[in-house]
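Inspection log for the structure reproduced underneath, given as structure tokens.
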Amino acid sequence: SSFKIELPPELRRRGVHDVFHASLLRLHVPNDDRLFPGRLAYQVAALDPSGKEWAIDRIVRHSGTGADAQLLVRWSSGDET
């Protein structure tokens, strides 16, 4: 079974198809604005039409070397991943 869903205008403009198989659909759980304040749609899934890049404010810490290296990065937005 497939379902046709209503997409936001920015996704339609980017050519995202509006029909999905039922196995790919999940209930929508909105972000908690207390945990993720000020999130904008273009910050998710490369939706930024201007082509802006996210800047790293600093590398908080790192471990490992080479292909096994892991970094904790503070982005210019203030988030850390």
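Laboratory data are not the source of any read-out in this text; all were calculated from the coordinates shown. Nothing here was measured: the structure is a model prediction, and the numbers come from that model. A quick note on method: Cβ atoms are made from the backbone with ideal geometry, for glycine too, and the neighbour counts reach across all protein chains shown.
Among 67-79, 16-28, the peptide with the highest mean count of other Cβ atoms within 10 Å heads the list, and the full ranking is 67-79, 16-28.
Between Leu25 and Leu71, full extension at 0.36 nm per residue minus the direct alpha carbon distance yields a gain of 13.4 nm.
Placing dummy labels 7 Å off each Cα toward the beta-carbon, the span from Arg13 to Asp57 is 2.9 nm.
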